[in-house]
Amino acid sequence: MHHFVQYHNPQKRGGYRPGGFGMVTDKPVDSIIGDRIWRVTKAGRPQRYCLCESFVVEQVGSASNDSKLHRAWAKTGLSFVPPTPIDSEVWFKKLLRAAGNFGFGLQRIKDVQVVSGLMRILNDQQSRLAPANREFHL
């Protein structure tokens, strides 16, 4: 399984709203079925970078009639409500640098420390949920 990060820009798309698990990108997505997506946004006052959702891609397709946009989604995942701040994590600067300050769009996360940190947050969040609300795709 590979891990990818995508930034949800609240200034362009409005605040993050938990709900369906999916994303749109101009990058090809055919090869990411079975891979994990980590969505990051800015939230709070003062604004901080926060983890807002994670899911394992189950399906991919065209986002619209525009063949330049691609969509990836899943039926299950985990929304972090409220979004979980990550900008004070020791590995955050590595993530920010690898994602070009979140200006590169969908990016693969190759750094083991970053992936381990994200998975720790996911596991901590899941341990607080009732069993019926836990994601099953780890």
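Here are the numbers:
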read-out: Considering residues of the stretch 87-121 that are among the small types (Gly, Ala, Ser) and within 19 Å of residue 23 (Cα to Cα) only, the residue surrounded by the fewest Cβ atoms within 10 Å (Cβ to Cβ); value: 103
read-out: Yes/no for residue 18 being modelled with pLDDT under 90, exposed (fewer than 15 other Cβ atoms within 10 Å of the Cβ), touching a Ser or Thr at 6+ places or on another chain (Cβ under 6 Å) and not acidic (Asp, Glu); value: yes
read-out: Candidate set: the stretch 49-70, residues that are outside any strand (DSSP E or B) and touching a strand residue (DSSP E or B) at 6+ places or on another chain (Cβ under 7 Å); chosen: the one surrounded by the most Cβ atoms within 10 Å (Cβ to Cβ); value: 57
read-out: Any hit, the stretch 122-138, residues being outside any helix (DSSP H, G or I), under 16 Å from residue 20 (Cβ atoms) and either out of contact with any strand residue (DSSP E or B) (no Cβ under 9 Å at 6 or more places or on another chain) or at pLDDT below 90 (or both); value: yes
read-out: Members of the stretch 100-118 that are among the small types (Gly, Ala, Ser) and more than 12 Å from the chain's Cα centre (by Cα); value: 100, 103, 116, 117
read-out: Hits in the stretch 22-48 (condition: modelled with pLDDT of 90 or more, within 12 Å of the chain's Cα centre (by Cα) and either under 16 Å from residue 83 (Cα atoms) or assigned to a helix (DSSP H, G or I) (or both)); value: 37, 38, 39, 40
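The values are calculated or read from the model by the stated rules, or taken from the named source; none is laboratory data. Fair warning: this is a prediction, and the values are worked out from it, not measured in the lab. Heads up, the Cβs are rebuilt from the backbone with ideal geometry, glycines too, and the neighbour counts pull from every protein chain shown.
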